[in-house]
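Reading through the structure tokens given below for one structure.
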Amino acid sequence: MAQAVASVIFFGLVLLPHLCTSYQASYNPGSRRFIIHSLSNDESEALTSMPACSSIPSGPANENRLPLMHRDSPCSPLASAGKKNRQASSTDVFERDVQRLRTIFAVARPGKADASAAAPAPAPASGVTLPITGTDNSPVLGTLDYSVTVGFGTPAQQLPMDFDTLRLGGVSTLRCKPCRAGAAPCDPAFDPSMSSSFAGVACGPECPSLCQGSACSLNITFWTNHSMLVVANGTFIKDTLTLSPSATVDNFVLACIDVDSFHLYTRSSGLLDLSRSRFSLVSRLASSPADNTTAAFSYCLPASPASSRGFLSIGGALPDLSGGDAGSTPLVDNMVYHKNDYLVKLSGINVGGTELPIPATESSLAALEVGASLTFFVPAIYGALRDEFRKQMTKYTMAPPYRGLDTCYNFTGLPGFEVPGIILEFEGGATLQPDIHQMMYFVDGSFNYVCLAFGALPGQFPYSVIGNRAQQTVEVVYDVRGGKVGFIHGSC
């Protein structure tokens with residue numbers, strides 16, 4: 001059984017990022033329901049004054065912790081004037097998630113996407129599903145939400161980089177100078193000529209890819225439904241990666257990308273690969289002498305892009321994952337197509353105090369995703385969640401589906417509304433307990449159009465995807481050596 005989120009009623013202001021509504025939310029652990037009230041303009045202004053960027057804490061002192069910020073944060077080094085820096089709309093967020101899930105689907109089922117593939121199975125009870133088997137793989141605004149700043153080279157050149165736990169190319173990548181003619185903007189980019197420790201990677205054991213002649217090079221590709229699409233070309237290099245003044249990784253290998261389009265839509269300099277692929281940063285750290293007192297990495301995603309920042313900790317001390325506000329769940333290994341990804345098992349979902357058990361089958365697998373915003377379940381799990389949620393919301397007027405979200409409501413004219421809390425339960429007893437802004441999606445920034453922020457995947461998708469909204473304010477600890485993932489609630 002899921003434990004109550006708190007022993008007393010919690011009251012707090014919850015801000016909707018990028019939207020025009022502020023509201024007061026309280027949680028009653030007895031009824032396991034959220035109570036939401038809209039705020040007047042005066043109330044909102046009195047409660048939403050934001051601290052200066054320099055005064056926003058990045059968590060407890062820890063030299064392995066890198067401040068982590070949403071790409072739309074005014075404190076982010078990526079924040080600057082220009083069209084590419086506009087905030088993502090509701091349509092942008094959904095389209096980005098569709099593209100992300102298409103990529104996951106292709107990686108999880110290599111070689112299986114073809115023109116004769118069967119149509120996706122619909123969700124139960126006429127629900128809508130995502131069109132992840134389409135062939136349009138054009139970039140959309142904001143491919144990844146969160147970035148950190150790291151140093152590369154000697155002396156260290158400070159560069160904002162996204163991070164990812166999904167094995168895509170299986171390597172970290174970085175935009176490098178000189179940029180290809182016509183590629184603009186080029187900065188921020190790594191300049192090898194300014195580093196005394198820079199070196200190329202020769203063909204041989206250090207080369208993560210197939211050699212072309214004497215060069216260790218890379219063609220980054222991914223599956224569409226009908227063909228392979230080349231995204232970018234690069235050359236492998238190695239140099240010193242600096243996470244903090246006392247935490248460095250010598251001779252860290254990554255792909256130096258000489259075209260701007262690969263990172264154009266994230267506005268960052270590159271991507272840190274935190275998957276379990278052979279050449280990822282995680283694997284490099286794991287190859288050091290065994291130390292069961294450190295975690296491979298952990299992150300805590302902030303609740304609001306505008307109001308706070310979280311952290312990414314790489315190789316930090318392993319926190320206590322037993323009791324209190326913490327829990328852990330085993331990592332699932334030995335999967336045929338996604339053995340390098342981080343998969344866990346859902347054991348149940350609690351909706352307003354009603355337990356929804358999940359059969360111990362492959363459909364209970366779930367991936368913790370930092371690249372997708374919303375959470376999507378395989379059809380059987382989503383159908384049970386949706387039906388129970390709707391059952392407890394019958395007094396409210398439903399609205400038409402929004403894109404892939406089919407459980408929506410119109411609260412126009414109401415001073416507030418109540419929704420049942422949702423708790424995601426994992427094997428081993430760990431839980432994720434989304435707050436109201438994490439489990440409900442305010443489409444137009446008001447009470448007029450509010451949707452459950454969970455959706456259904458097509459039937460052939462191999463596992464559910466827990467998006468970054470459901471993970472906010474929780475430190476997610478990847479104890480790779482220990483074979484588990486931990487959750488520490490309220491860490492940022």
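The values are calculated or read from the model by the stated rules, or taken from the named source; none is laboratory data. No experiment lies behind these values; they were computed from the predicted model shown. Counting neighbours? That spans all protein chains shown, and the Cβs are built from the backbone with ideal geometry, glycine included. Heads up: the accessible areas ignore ligands, DNA and RNA and are worked out on the full protein's heavy atoms, side chains in. Shrake-Rupley method; radii C 1.70, N 1.55, O 1.52, S 1.80 Å.
For F94, the solvent-accessible surface computed with a 1.4 Å probe is close to 20 Å², ligands and nucleic acids excluded. Working from the Cα coordinates of segment 382-492, the gyration tensor eigenvalues give, after taking √(5λ), semi-axes of 29, 17, 12 Å in decreasing order.
Could you tally the net charge around G445, taking each other residue with its Cβ under 15 Å from the Cβ of G445, Lys/Arg +1 and Asp/Glu -1?
Charge balance near G445 sits at -3.
Could you work out the local net charge near P401, counting Lys and Arg as +1, Asp and Glu as -1, over the other residues with Cβ closer than 13 Å to its Cβ? Net local charge, P401 excluded: +2. What FRET efficiency comes out for the pair A247/T361, r = Cβ-Cβ distance, R0 = 51 Å, nearest 0.05? Efficiency computed from Cβ-Cβ geometry: 0.75. Simple spin-label estimate for Q460 and Q158 gives 4.8 nm between the two label positions (7 Å along the Cα-to-Cβ direction from each Cα). Highest-first packing order for the peptide set 193-205, 393-405 is 393-405, 193-205, based on the mean count of other beta carbon atoms within 10 Å.
Provide the net charge surrounding D250, with neighbours chosen by a C-beta distance below 14 Å and charges set as Lys +1, Arg +1, Asp -1, Glu -1. It would help to have the intermediate numbers written out before the result.
Numbers: positive: K238, R284; negative: E206, D239.
Overall, the nearby charge balance is 0.
The GluC sites (Glu not before Pro) of segment 396-492 include none that DSSP puts in a loop with a beta carbon having at most 16 other beta carbons within 10 Å.
Give the value in nm², to one decimal: projected area of the alpha carbon convex hull of segment 351-442, averaged over all directions. Don't jump to the answer; show the numbers that get you there.
Working: hull surface 27.5 nm².
Spelled out: convex hull of the Cα atoms, projected over all directions, averaged, 6.9 nm².
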